[in-house]
Every structure is written in structure tokens, then in C-alpha cells.
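The values are calculated or read from the model by the stated rules, or taken from the named source; none is laboratory data. This structure is a prediction, so every number in the text was calculated from the model and none was measured. Counting neighbours? That spans all protein chains shown, and the Cβs are built from the backbone with ideal geometry, glycine included. Surface accessibility is based on the protein's heavy atoms, side chains included, excluding ligands, DNA and RNA. Shrake-Rupley method; radii C 1.70, N 1.55, O 1.52, S 1.80 Å.
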Amino acid sequence: MTVTVEKARTAEKPPTRHANRAGRPHAAWALPGVLFFTFFAVVPMALALYLSFTTWDGLGDPRPVGLDNWKKLLDDPRMTQSLGLTVVLTVASWAFQTVIALLLGVWAAGRQRNRAILSAIFFVPFLLSSTAISILFYALLDPNFGIIQRDTLGSQSGAFLAIVFVGGWQFIPFHTLIYQGGARQIPEVLYQAAAIDGAGRYRQFFSITLPQLRHTITTSTVLMVVGSLTYFETVLILTKGGPGTDTAILPYLMYEAGFKTYDFGYASAIASFLVLAATGLSIVLVRLTGFGAMRSTREGM
Amino acid sequence: MSHDTLPRPTRTLQPDGGPAKASPGRRRHWTRRANPVAGLGAFVWLVIVLVPIYAMLSASLTGADKALTGNPLKPPTDPTLDNYNTVLGNGFGHLLSNTAIVAVAVVGIVLTLSVPLAYVAVRTRDRWSNAAFRLFLVGVAIPAQAVVVPLYLLIAKLDLYDTLLAVILPTAAFAMPVSVLVLVGTLRDVSEDLYEAMALDGASPLRVLFQLTIPLAKGGISTVVIYSALQAWNGFLFPLIFTQSDEPRVLTLGLFNYVSQFGVNIPALLASVVLSGIPIFAVYLVARRALVGGLMGVGGK
């Protein structure tokens, strides 16, 4: 046992020593980037946590108030509604976008000419900014001007579905692209083997394509979940959180508390909650995908 | 997307490049079979993509007085460019140049800081470089919305409020996590042998970076350029909160202001949306392969 370990060590040593001389820069090279990111993202995060224990209107100095903001957070019915809404919106957007993007992506992975042309057109919505797309649908859903001559955004379900649809319209092109890339990496030989075994198109899709795309599905899901928070613009422009507070998702609620009513302490409590939720979620997802392991996806192939 | 858009992974068995036995007939069987159900689905999505774009273009060419009476799906009876003139006369050029400055600055900062960081994370692999990498891995999940309140405080203390720098610096910081992950993903695939070859030549880490790492990471670097430029181009929240006057106003915020400025003049509003999309659309027409390939990189390989 000991002998083999020793052997393995000596065998590894020479390349390591060579590589030490070149291409292994000092860790200090990472410092400027780390400091920059820390200053503009990590420090503000810590500050948000601090401010959540104070009351501050943005003018004087923040005054410590203990747990008041957090107590308010737990008691606030708008907060409970908003949290539920954010979760439902994220899940609904995920389902809508994943189903369509996966099917379109696998379809677009084929190399036929018509598929190439359609894929190029499908991508166009993604070229517009969220702001531009939100304004576009704000106009198109206008009850006096728009395509649907009804007050879509005035009803609770209408406003919610509009946000899910507009988000999908914008981001499905991007996720289609990810799935297209994933589908093209599936070794052709798997399909050839399946065809020889007599598996039909749908059997091949469920037995080869879907399992082979599992990493792509995780990547796309992570991006969708984290990205669903950027629906802020869509909500601000399309519905302003309305009707009433029916589409006021967490980031919008925070924006209102901070920059409409100038209750920065309470806004910071909502923000801290958002950070905790998002970071927790991301750690879970990273664990599940194993992206942190320093390995190339091509290793072992 | 045409046949040569993306490099095919070498491990894919290509029937056309394989031994003579793979006749065109057999190849058709596996990759070129028509799929009418999928074709129909793709057609439905095509309609969903095109109808809003068509309605936008058509309405933007309709006179403001006729917009509220006609059906937006009918082509305009006498098209006019008045709406575009209205937008261009309302400071659109200024918004565009501000946005371009922000995009260029953000790309510059992100590249300068992320490339050495990813290089260290992949090559050095000691405790500190691993910690740096973990910071960005978790950093992916920090939502920009969650830190705007403290960032607002920081920006004000730094005397940057209402300047372009107030938009540039946080945007660059928040584009870094994904950029670092993309670059790390690319650099992991650079073979150890190449580093060892450079080591035998006695190259310094800096020379290895410029002569080996950067040339081989071109794919990842172009992804980072495209991703961070789009983040800057489409960013809305930071400009909304950190700027106020006309001077540092960027495109997205300008569009948002047009909503109240143009009021019921929806054709002019839609003309501004069209104009805002033209620069990226032009890039898409000229460099579709680079743009699409680069974005595909954001979702991993």
C-alpha cells in the first residue's frame, strides 16, 4: 500500500516541478480582480446586512434599531405575498422556457438549411434589451392601441402571465442556443447504435437526447433561476407591481421601499433576504452540478 | 445556423468524414430526416416571434394621429418617418454615445481583471487562488438588485453619483463572476503538455499568459467580450438608481423616460425601441457567427 503511494508520488513529481517554473503565476495576480469585485459587490452586501439593522432615510446617518426591520419583514403581508409570487414566477418561467428552449434547441441542432434560417430569426428578440422588450409589450398590450383590445395588464392573472410570456419571449432564444450547443455535442454513434436496435425518434429523444443533455439542463436552469430576478425591469415597466401589489416581486418591493418611500433600512432587510436566498440556492446548485471541482468536462473521454 | 458555424467536437463520429461505407442514404437516415411535428412547432414559435416585431415596425411607421384608431396588425396606409425624427430630435444620439462609452469601458475593465484571475485559478491551484475562484463561483448568485441600496451610498461617498463611472464600475463588477467562470472553463481545456513545453523554454508566467494562454482562450475571451458588452448595453437598474440628469443618461434609461415623455404617442415610443435595437442588430448581421458562438459559451460548451 505504502509503496504504491510512494511510487505514484514520485511519478507525478517531475512534471509538477517543470510546470512550477512556467504558467504557474503567483496567486497575487488574482488580487486586482478580487479587490475590485469585493469593493463593488461583497462590501455592499455586508453593508446591506448592517443597514438592515438601522433606520435611514438616505439623508442623515443610519440609526441602529435592532431587529425592527426584520420583524417588520416577517409581519409584512406584502412580503409574504411577494415571496410566494417570486417563487411561482420563477417556477412558471422555468417550466415555460425550458420546455420550449429544449425542444427548439434539439430541433435547431439538426443541420438542415431551413432549420439554420429559422434559428437565425428565432434569435432576434434576444438582441433587444429587457427595457426595450418591456416597452414593446407595454405598447402592444395597451388596451386602446394594442393587439389584444382588452386590459390584459389590469387583471391579476393577465399581468402575471404577461410577465412570464415577455420573459420567455426574451430569454428563450438564449436558452435555445445553449440547448442547441448541448445537443450538437451528443456523440452521433449513440443514435446510430439506437437506430440499429430499432429505437424510434421519440424513444431516442427520451433515452439518449434527454439524459445526455442533463448538464446542459442544469446550466440553463441555474441561469434561469438567477436571471429571473432581472425581471425587475419587466415588472417596473409593464405593471409597476400592479394591479395593486399582485405582481410586486421581491426586487420590486425592495426598490419601492428604498427609492420610493426612502426607507433604506427596510429595503436593506429585503435585500439581505434576497442575497441569503440567492446564495443558498446557488451553493445548492453548484454542489449538485459539481462545477466547483477543477476538472475539464472533456476529462476521461 | 449554417453547417460551419461551430466547431464540431472531435469525438463526434461524423458519418460524412468517416469510412466509405457511410453512404449519403444512411447519413440522411440519422441526421436529415424531416420531422413534421417539430416543424409545425417551430412554425408556431416563428409566428410568436415575428408578430410583435412586425407590429412594432408597422406601428412605428404610422402617423401618431392614426395609431389609436387602426389595427396595429394592418400595414400602415401612408408610412411616415416622423416618429423616428421625433426620437432623434430628443437626444437619442447622446444616449447612444453614452451607452457605447459604458460598453467599451466595461469590456476593458472586465478583461483586464478576469483574464489573470482565471489564469491563476486554473494554473496555480493553491489555497489563495482556490479561494479567489470560490469567491466568483458564489458571486454569480449575488443579484445586482440586492446591493443597490449600499452601492448607492458608496457611489455617493465616492462623489460618483450622476456620472458615467457610477454606471461603469458596478456593471463591470457584476459582469465579472460569469466572465471568470467562462474563462476558467476555457482554460481548463488547455493541455498540460503545452505548458510543459513552454516551461522547458524557460518562459515566465507573463510570457506564457500572452503567448499560450490568451491565444488558446480566444473562444472564451470573445464570449466574455460579448457577454459584458451586452450587460453594459442592456443594463437598466444601475443607471436608474445612480444617475439622474440628462448628461450621463444611457439608452435603456432614455427609453424608460420616453415612456412618460411621449405619453400616448405610442408610435414614437416604438420607434425609439426600434432605434435602440438597430446597433446590436447590425452587429448580428455582420458577425452572427461570432455573436452566437460567443453567447453559446456563456452556457458552457
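In the list B:L169, B:L183, B:L160, B:L212, which residue meets the criterion of being part of a helix (DSSP H, G or I), under 21 Å from A:S268 (Cβ atoms) and touching a Leu at 6+ places or on another chain (Cβ under 9 Å)?
Working: B:L183 fails: under 21 Å from A:S268 (Cβ atoms); B:L160 fails: part of a helix (DSSP H, G or I); B:L212 fails: under 21 Å from A:S268 (Cβ atoms).
Matching residue, one of B:L169, B:L183, B:L160, B:L212: B:L169.
Look at B:L135 and say whether it is more than 16 Å from B:V180 (Cα to Cα) and not small (G, A, S).
no
Do we find a residue being farther than 24 Å from B:V208 by Cβ, part of a helix (DSSP H, G or I), open to solvent by less than 30 Å² (accessible area, probe 1.4 Å) and at pLDDT 85 or above anywhere in the stretch B:113-121?
So far as the stretch B:113-121 goes, no, none of its residues is farther than 24 Å from B:V208 by Cβ, part of a helix (DSSP H, G or I), open to solvent by less than 30 Å² (accessible area, probe 1.4 Å) and at pLDDT 85 or above.
Does any residue of the stretch A:61-68 turn out to be over 22 Å from the mean Cα position of the chain (by Cα) and either within 8 Å of chain B (Cβ to nearest Cβ) or in a helix (DSSP H, G or I) (or both)?
yes
Which condition number in (1) in contact (Cβ under 8 Å) with a residue 60 or more places away in the chain; (2) in contact with a Ser or Thr (Cβ under 7 Å, 6 or more places away or on another chain); (3) within 30 Å of B:L137 (Cα to Cα); (4) facing another protein chain (nearest Cβ under 8 Å) is the one that A:G167 fails?
(4)
Name the one entry in B:E196, B:E247 that is free of Cβ contacts under 8 Å to residues at least 12 places away in the same chain and of a type in the set (D, E). Walk me through it before giving the result.
On the way: B:E247 fails: free of Cβ contacts under 8 Å to residues at least 12 places away in the same chain.
The match here is B:E196.
Specify which of the listed residues (B:L165, B:L135, B:L154, B:L169) is facing chain A (nearest Cβ under 8 Å), open to solvent by 10 Å² or more (accessible area, probe 1.4 Å), more than 19 Å from the chain's Cα centre (by Cα) and under 18 Å from B:L240 (Cα atoms). Talk me through it step by step, then tell me what you get.
Numbers: B:L165 fails: facing chain A (nearest Cβ under 8 Å); B:L135 fails: under 18 Å from B:L240 (Cα atoms); B:L169 fails: more than 19 Å from the chain's Cα centre (by Cα).
Matching residue, one of B:L165, B:L135, B:L154, B:L169: B:L154.
If B:G108 passes every condition in (1) facing another protein chain (nearest Cβ under 8 Å); (2) closer than 24 Å to B:G294 by Cα; (3) open to solvent by 30 Å² or more (accessible area, probe 1.4 Å) but one, which one does it miss?
With (1) facing another protein chain (nearest Cβ under 8 Å); (2) closer than 24 Å to B:G294 by Cα; (3) open to solvent by 30 Å² or more (accessible area, probe 1.4 Å) applied to B:G108, the lone miss is (1).
Cβ contacts < 8 Å: first residue closer than 21 Å to B:V274 by Cα and among the β-branched types (V, I, T), restricted to the stretch B:40-52; second residue open to solvent by 40 Å² or more (accessible area, probe 1.4 Å) and assigned to a helix (DSSP H, G or I), any location; separation 6+ or different chain. Result?
Close Cβ pairs satisfying both conditions: B:V49/A:I121.
Out of the stretch B:262-279, which residues are surrounded by fewer than 20 Cβ atoms within 10 Å (Cβ to Cβ) and either in a helix (DSSP H, G or I) or under 18 Å from the mean Cα position of the chain (by Cα) (or both)?
Result: B:I278, B:P279.
Mind listing just one residue for me: the one in the stretch B:281-295 that is open to solvent by 20 Å² or more (accessible area, probe 1.4 Å) and in contact with a Leu (Cβ under 9 Å, 6 or more places away or on another chain) and, of those, nearest to A:S134 (Cα to Cα)?
So the residue we want is B:F281.
For the stretch A:210-232, enumerate the residues that are in contact with a helix residue (DSSP H, G or I) (Cβ under 9 Å, 6 or more places away or on another chain), surrounded by fewer than 20 Cβ atoms within 10 Å (Cβ to Cβ) and over 30 Å from A:S134 (Cβ atoms).
A:L210, A:Q212, A:H215
Can you say whether A:F160 is over 18 Å from the mean Cα position of the chain (by Cα) and either under 20 Å from A:T219 (Cα atoms) or in contact (Cβ under 8 Å) with a residue 40 or more places away in the chain (or both), as far as the supplied structure shows?
yes
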